[in-house]
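Trainee: A single structure is presented below for examination.
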Amino acid sequence: MTCDKYENALLAAASNGELDAKLARHLERCSTCRMTLRSERELFSRIDSALRAQVNGEPGPDFLVQLRLQLSKEPTARSGSDHPWHVAGAALALVLIAMLYPLMNARQSGVQGSLQSPTIKLPQGAGVRQSARAAEDLGVRSRHHSKRPAVESAVPQEPEVLVPPDEQQAFAQFVACVARRDAIAEAVVTPVANKLVTNTTELPQVSSLELADLELAQARQEEWVDQPGNSE
Amino acid sequence: MQEFTWPGRAAETELALDLEKAALRREFEQRLKECGTLAFRVARGVLRNAADAEDVAQEAMLRSYRRFAGLRDPSRFRAWLVRISFRLALDHGRSARRREQRETAWATDLPKPTAEDIAASNEFGRRLQEAMAELSEKSRLVLLLTSMDGHSLEQVAELLRLPLGTVKSRLHSARKQLAEKLR
């Protein structure tokens with residue numbers, strides 16, 4: 001009967017061929033363990049020789065010939081630039097772009113959507129046409145459509161004037177006023193023959209005080225020039 | 001708009017590419033004999049059949065040739081070749097086993113072998129193969145490589161890019177399992 005406590009040591013000795021002193025002393029006394037060790041060594045030896053015979057064979061004489069024939073049919077080895085990482089990197093970049101593009105569009109349209117409510121509503125009735133034109137000139141746009149396609153949001157637009165709801169009426173009046181002034185300025189610049197001036201148009205008044213100042217300045221300049229000491 | 005290239009420049013580029021290809025081909029040819037045998041041995045260790053092992057080794061060498069530009073470092077090439085040969089041999093063995101099972105499905109169970117049968121070397125080899133098939137792939141590869149002539153434990157560790165202790169541990173464990181199944 002094999003002594004149980006030496007079982008692992010016996011297996012290790014059979015496998016590695018290393019025999020420690022304690023096991024060696026035991027083997028001198030125990031014939032059963034000596035038998036076990038011998039049979040285990042024989043088993044490992046058979047395993048090793050079977051494995052060696054299995055893996056150390058040589059290929060047949062035609063092996064290399066066949067291999068060269070196969071290689072000659074192969075296209076040439078790929079160059080180093082065709083590394084699969086390059087392809088993988090490009091694919092990853094494409095996937096990232098495809099993932100981020102809708103996200104960015106949604107964000108942009110979300111920002112525009114949040115800014116839609118405070119835009120001005122132009123007053124109805126008299127002078128609306130004029131005010132609307134002026135508003136257009138200033139870049140104020142009334143929005144009639146709450147939804148816009150994503151493509152349109154990417155197109156650059158004219159700047160918008162954002163007006164709080166409680167100031168929309170005052171701002172509309174301001175816009176109309178500016179429009180009237182524009183009409184006045186247009187009437188002044190345009191020749192009379194080509195322009196139909198309405199009764200409500202007022203021509204700009206120039207004050208006499210401003211004219212007097214200009215004359216005075218001109219006179220002083222003439223005096224300064226006529227002085228004899230100033231001639232060079 | 002197509003970019004203009006000098007005719008001489010295109011010819012130079014083509015010539016350089018041809019030279020590089022020829023250099024790659026020469027370099028691969030130098031490794032053909034040594035590494036072809038290595039691939040064959042790994043495959044034969046798995047398959048136990050020389051003809052099948054040659055097929056697998058050829059396939060492994062062709063694959064390595066296609067990837068040779070990225071595998072020019074000799075140690076890297078050998079490690080890659082060992083792995084691909086082992087993997088291809090396992091796949092080949094599995095498909096062959098499935099084919100064999102289909103062909104012999106009608107056969108009745110064979111009687112269990114006696115002690116005399118086990119003593120016979122061919123029977124021992126068969127049982128050894130069964131026992132090896134139950135090993136993990138990692139242990140199996142270590143066992144095959146360490147059984148090859150000229151492969152020390154250190155060389156196997158370098159080939160598989162593993163610590164020496166890991167190789168020793170896997171080898172010991174694999175041999176112990178084999179012995180338990182063959183005892």
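Trainee: Can you list, bin by bin at 5 Å, the percent of alpha carbon pairs in region B:116-183, starting at 0?
Mentor: 3, 18, 25, 21, 15, 10, 5, 2, 0
Trainee: From the phi angles alone, apply the Karplus equation (6.51, -1.76, 1.60; θ = phi - 60°) to region A:19-27 and give each ³J(HN,Hα) in whole Hz, x where the residue is Gly or Pro.
Mentor: 10, 7, 5, 5, 5, 4, 5, 5, 5
Trainee: Follow-up. Give B:33/B:138; A:5/B:176; A:5/B:138; B:138/B:168; B:33/B:176; A:22/B:138 a once-over and call out the pairs whose C-alpha atoms are over 23 Å from each other.
Mentor: B:33/B:138; A:5/B:138; B:33/B:176; A:22/B:138
Trainee: If you don't mind, there's one more thing I want to ask. Averaging over every viewing direction, what projected area does the convex hull of the Cα atoms of region B:16-102 cover, in nm²?
Mentor: Convex hull of Cα atoms, orientation-averaged projection: 5.9 nm².
Trainee: Using R₀ = 45 Å, calculate the FRET efficiency as 1/(1 + (r/R₀)^6) where r is the Cβ-Cβ separation of residue A:24 and residue A:56; round to 0.05.
Mentor: 0.85
Read the figures in this text as sums done on the coordinates, not as results from a lab. Source: prediction; values computed, not measured. FYI the Cβ positions are ideal-geometry reconstructions off the backbone, even for glycines, and counts take in every protein chain you see.
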